[in-house]
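The values are calculated or read from the model by the stated rules, or taken from the named source; none is laboratory data. Fair warning: this is a prediction, and the values are worked out from it, not measured in the lab. Glycine gets a Cβ as well: all are built from the backbone with ideal geometry, and neighbour counts include every protein chain shown. Just the protein is used for accessible areas: all its heavy atoms, side chains included, with ligands, DNA and RNA removed. Shrake-Rupley method; radii C 1.70, N 1.55, O 1.52, S 1.80 Å.
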Amino acid sequence: MEPILQVKNLRTSFMTANGEVQAVRGVDFDLYPGEIVGVVGESGSGKSVMSMSILNLLADNAVIKDGDILYWGNSLLNFSKKEIRKIRGKEIAMVFQDPMSSLNPLMSIGKQIGEMIAVHNPELSKLEIKVQVLDLLKKVRIPEPEKRFNQLPNEFSGGMRQRVMIAIALACAPSVLIADEPTTALDVTIQDQILKLLRSLQEEMQMSILFITHDLGVVAETCTRVIVMYGGMIMEEAAIDDLFEQPIHPYTKGLMKSMPSINQDRKGELEPIPGSPPDMLGDFAGCPFAPRCKEARRICGKLLPPEVYLDPTHRVRCWLVTEQAKQIKISQDEVLTNNAGRGNNA
Amino acid sequence: MLEVKELTKHFPVKGKRGRVVHAVDGINFKLRKGETLGLVGESGCGKSTLARTIIRIYEPTSGQVFLKGQDISGLSVRELKPIRKLMQMIFQDPYSSLNARMTIRDIIAEPLRAHKICHTKAEENELVFEMLDMVGLGTEHALRYAHEFSGGQRQRIGIARALILRPELVICDEPISALDVSIQAQIVNLLKKFQEDLNLTYLFIAHDLSMVRYVSDKVGVMYLGHLVELCEAEEIYNNPLHPYTKGLLGSVPIPSPRLARQKKKSEIEGDIPSPISPPSGCRFHTRCKYATERCKAEAPKWQEVTTNHFVACHLHD
C-alpha cells in the first residue's frame, strides 16, 4: 500500500532572540490510508510543531530547515500559499486542543461549519450548505441539530464544542485528520465520548488519523501504531501491542512506569523519570534522553544513537539496542552520517 | 483532624436575584491525622469550591468545619490567623500561582513574613534554604525568578511555600494536572514522602481516579455539589457502588491495548447539568442508566452501606 502522508527527515527550528530552538530534529514516518497513528511525547518534545509543519501552520519565526512532507507523493513544501490552502481542510484537516478558543464567539455554530464547506465548494447554494451542516451535526452526535444550528459557541459545553470542531474538520471529508491533543482539555467522561466518536467516524469515513497526545492511555484505546517522541526526535515506533507489551527504549519504559493505572495494584509504586526535559536550544551532545536515563552508558552522552529496526515495524533509537542486537559495529563517522541520513538498516 | 458537617456554599447569580449556583451542598466527612482523602469529580462538580470553603478562602453559606475539634467556620479573620498556619494549599497551575516579580526566596519566605516567624534575615534564609533542599532544589535557585523554572520545578516551589510553616492539613488542588506524566510521578512521590516525614494530612483533589489511587487512604466522589460515594481507596476500585463512580472508573483510559479491547465499559452519556438549577431528586438521574421515577422525585440519603463505605443512591437503600 502506498503511504498517504510521508514525513521525511523533517527539521523545524524557531529563530528566537536567544538563538535557534531546534524543535524538530529529523523526524521520519509514513502514514497509511485508514490507520490511526499516535504520536506521544511530553511538552516540548516537538510533536505539535511536527504536526503544524505538515500543514505549514507555523509561526513567522519558524523555518523548515530540512526534509520533506509528501502527500500522495507530492511535496507539500513546494506548494504555494494558495495551493496549500486548497489542501488544508479539504484533504488534510486538523482538530486542536482547546475547543474554547478555537471557535469564533460571535458566529453561530451552523455558520462556522458552513464556512468550511463554502470555502472549498463555492458552487453550493446556501440551502445545500445548510443541509450538509445539519448532516454533519448529526454525524458528530449533537442532539437537536436544527435548534443548535443557530446557537453561539457560549451555549455549548466543552465536549459539545469539541464535537463542533470535529464537524468543521470533517466538513469536506478529508483523507487525513491531524488531531492535536483533542481531548486534553476535557473531563475523562467527555474524553471517553469524544474518543469513541473519533474511532467510529474514522471507520465510517475511512480516514487516516495522526493522533497527537501526551497520554499513553488514550493511545492504547485509540491507535493502531505509536510513535514516541523526545527532544524533537523519534525514540521508538511500534505497532500498538508491541509498544505496550515490549517497550524497548528506556524513555518509553520510563513513561509506562510513571503512569498510574486504575487496574493495577496500588503497591506498584510510581517510578518517576528523574530530571526534566532537555533545553531545545542548540545541539545535543548525544542522545537527548541520556541525562535522565538510568541505563545510560558513556557513549550515550557523546554520540547520537542511530535508528535500529528490530523488525520491519519496530524501530528504536538507543545505543543499548544497537549493542544488544549486535546488528552493526560502526565507526564514529558512520554514526554521524547515519544520523544525518537515517534508517538505512531496515 | 478535620471534620466537615453539612457544609454548603452557594454563589449568587449575577443579575438574577434569588438564583444561586449550588456549588457545594451538604457535604459531610471526617479525616484523621496523617490520612489522605482523595476527592474526584468532573469539572464543575464543586471539588475546588469545597476545598476553598474548608480553608476559608470562601465563606461557607452554612454548615461547619472542625479543625482539631475547633469549629473554624464562624471565626473572624483575626481569630483565623493563627489557624491558617495549620492549613495550607498547593494550587493547580504552577504558572499563575507564583508571583513573577518575586524571587524564589521571597516567594517561599512570604508565609514566614506574614506570620512574623523569623526575627533575623539569617534565620529566615536558613529556613528557606532548608525547605528548598527538602523539595529537591538547590540554594543556587533562591535568587532566580519563577519564569526560569520548568513546570515541575515550579510546583516544587509551590510545595515549599505551602510547607514552610509546617502545617498539619495541606489541601492539594489538582497539584499535578498541569504537569507532564514523567513529572507527575515525581511530584506525587515527593508529596508522599513529606506526608511520612511530617505526618501531614492531605485533602487531594483530582479530576480522575487513576493518580488518586497512589496517594489516598480514602476516596470521595463528587457530583454537582454532592458527595455521592466515600470509602477506603482500594474499596472504591474493587467495589464501586454508585453508578457515577462506576462510569467515572470506566472512562479512564487503560494504558494497555489488550485490556482496553476487553473492557466492557459502563459509560456516562451527556454533559454535567447546570448547578444553577440542578436536577430534582438524585442529581445524577439525568445521566444514569438505572434511574427510576423515585430517583427523579426523591433525593437519596447519604448512608453507610457497609463499614466506612458511604453512598447516596436509591439502588443501595
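Worth pointing out:
- Gain on full extension, evaluated as 0.36 nm per residue between B:Asn99 and B:Arg294 minus their Cα-Cα distance, stands at 65.1 nm.
- With a 10 Å cut-off around each Cβ of A:251-258, the average count of Cβ atoms from other chains is 3.
- Among the protein heavy atoms, those of B:Thr49 account for about 20 Å² of accessible surface (1.4 Å probe, every chain in place).
- Amide H to amide H distances under 5 Å link B:Tyr223 with B:Val228, where only residues 5 or more positions off or on other chains count and H is placed in the peptide plane.
- For the pair segment B:30-55 / segment A:218-266, the C-alpha centres are spaced 32 Å from each other.
- Mean per-residue shielding of peptide B:211-220 is 3, counting Cβ atoms of other chains within 10 Å of each Cβ.
- Cross-link partners for A:Lys138 among the aspartates and glutamates, with Cα-Cα distance under 12 Å and sequence neighbours closer than 8 places in the same chain left out: A:Glu146.
- Per-residue Karplus couplings for segment A:16-23, computed as 6.51 cos²θ - 1.76 cosθ + 1.60 with θ equal to phi - 60°, are listed in order as 10, 4, 8, x, 8, 8, 8, 6 Hz, Gly and Pro entered as x.
- Gap separating the Cα centres of segment B:182-247 and segment B:129-174, nearest whole Å: 22 Å
- Under the simplified labelling scheme, the B:Thr139-A:Arg85 pair shows an inter-label distance of 6.1 nm, with each label point 7 Å from Cα along Cα→Cβ.
- Within the same chain, lysines fewer than 8 places from B:Lys30 are excluded, and of the rest, those with a Cα less than 21 Å from its Cα are B:Lys5, B:Lys9, B:Lys47, B:Lys68, B:Lys85, B:Lys192, B:Lys218, B:Lys301.
- Number of partner chain Cβ atoms within 10 Å, mean per residue of A:181-193: 6
- Alpha-carbon Debye profile of chain A, log10 I(q)/I(0) at 0.08, 0.15 Å⁻¹: -0.42, -1.31
- Beta bridges by DSSP in the protein assembly as shown, antiparallel share as percent, to the nearest 5: 60 percent
- Backbone N atoms of segment B:1-17 closer than 20 Å to the 7 Å Cα→Cβ label point of B:Thr61 belong to residues B:4-17.
- Taking B:Trp302, A:Trp319 and ordering them by how much accessible surface each has at a 1.4 Å probe, largest first, produces B:Trp302, A:Trp319.
- Part-to-part distance (alpha-carbon centres) for segment A:140-213 and segment A:20-77, which is given in Å: 22 Å
- At most 16 other Cβ within 10 Å, DSSP loop - GluC sites (Glu not before Pro), segment A:118-168: A:Glu123
- 25 °C / 0.890 mPa s Stokes-Einstein diffusion coefficient of the protein assembly as shown, Kirkwood radius on C-alpha pairs, µm²/s: 91 µm²/s
- Accessible-area value, B:Glu196, 1.4 Å probe, nucleic acids and ligands omitted, Å²: 150 Å²
- Per residue, the protein assembly as shown exposes an accessible area of 43 Å² to a 1.4 Å probe, with every protein chain left in place.
- Percent of C-alpha pairs per 5 Å bin, segment A:130-223, short to long: 3, 12, 26, 25, 19, 11, 4, 1
- Working from label points 7 Å from Cα in the Cα-to-Cβ sense, the A:Asp60 to A:Ala17 distance is 1.6 nm.
- Packing-based order for B:68-79, A:199-210, using average beta carbon neighbours within 10 Å, highest first: A:199-210, B:68-79
- Buried accessible surface for the B/A chain pair comes to about 3800 Å², total over both chains, computed with a 1.4 Å probe.
- Within straight-line cross-link reach of A:Lys65, lysines at Cα separation under 22 Å, skipping those fewer than 8 residues along the same chain: A:Lys8, A:Lys47, A:Lys81, A:Lys82
- Rg/Rg_globular for segment B:94-166, with Rg_globular taken as 2.2 N^0.38 Å and Rg from C-alpha atoms: 0.99
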